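Report on the following structure.
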Amino acid sequence: MNTLTTSERRGLAAISTPAGRMLIVAADQRNGMKKAMDDAPDGPSGIDTGELAAAKSDLVRHLANQAPAILLDAEVALPGVVDDGTLARDTGLVVGMDASGYETVDGLRYTQYVPGVTARRVRDLGGDVAKMLF
């Protein structure tokens, strides 16, 4: 078993329950979340970035702040919920580095990074941990 570094140990603690189990509210979806908002006046395609950000802010306020951590995207939700104080100080923040969709090469799907979202940017956004779907 690999030994965790100090920062890895702190990150894991930030997204875990007191019993040491990870519990993260996943709200990093963008297009998928829009599809679920089918009662919007113009349907899912009529939902703009501001409306999507407001919905994510509501998720943080009413659900995620009761959990150890939330997974959010750097494109829509952040840094808004941190800067405006919606995210509770004791709720861990996992920042998704992967972009919506994927690239297909020779029949294989490859995840793409959100441009400009690096490990340093995750920290700058207030993130405790980064997430990348491979």
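The values are calculated or read from the model by the stated rules, or taken from the named source; none is laboratory data. All figures in this text were calculated on a predicted structure; none of them were measured in a lab. When we count neighbours, we look across all protein chains shown, and the Cβ atoms used for this are built from the backbone with ideal geometry, even at glycine. SASA here: full protein model, heavy atoms, side chains in, ligands and nucleic acids out. Shrake-Rupley method; radii C 1.70, N 1.55, O 1.52, S 1.80 Å.
Of note:
- For segment 52-62, the condition of being hydroxyl-bearing (Ser, Thr, Tyr) and in contact with an Asp or Glu (Cβ under 6 Å, 6 or more places away or on another chain) holds for none of the residues.
- Scope segment 56-67; condition open to solvent by 10 Å² or more (accessible area, probe 1.4 Å) and either in a loop (DSSP other than H, G, I, E, B) or not hydroxyl-bearing (Ser, Thr, Tyr) (or both); matching residues: ASP58, LEU59, ARG61, HIS62, LEU63, ASN65, GLN66, ALA67
- Members of segment 98-127 that are over 27 Å from GLU8 (Cβ atoms) and part of a loop (DSSP other than H, G, I, E, B): ASP106, GLY107
- Condition check for LYS56: within 21 Å of ASP128 (Cβ to Cβ) and among the basic types (Lys, Arg): yes
- ARG89 vs. criteria open to solvent by 70 Å² or more (accessible area, probe 1.4 Å), outside any loop (DSSP other than H, G, I, E, B) and within 20 Å of ALA13 (Cα to Cα): no
- Number of residues in segment 96-123 that are under 20 Å from ILE24 (Cα atoms) and open to solvent by 80 Å² or more (accessible area, probe 1.4 Å) equals 1.
- Options ILE24, ILE47, ILE70; residue that is crowded, with 17+ Cβ neighbours inside 10 Å, over 15 Å from the mean Cα position of the chain (by Cα) and in contact (Cβ under 8 Å) with a residue 12 or more places away in the chain: ILE47
- All conditions in (1) part of a loop (DSSP other than H, G, I, E, B); (2) more than 18 Å from LEU133 (Cα to Cα); (3) open to solvent by 70 Å² or more (accessible area, probe 1.4 Å) hold for GLN29, with the sole exception of (2).
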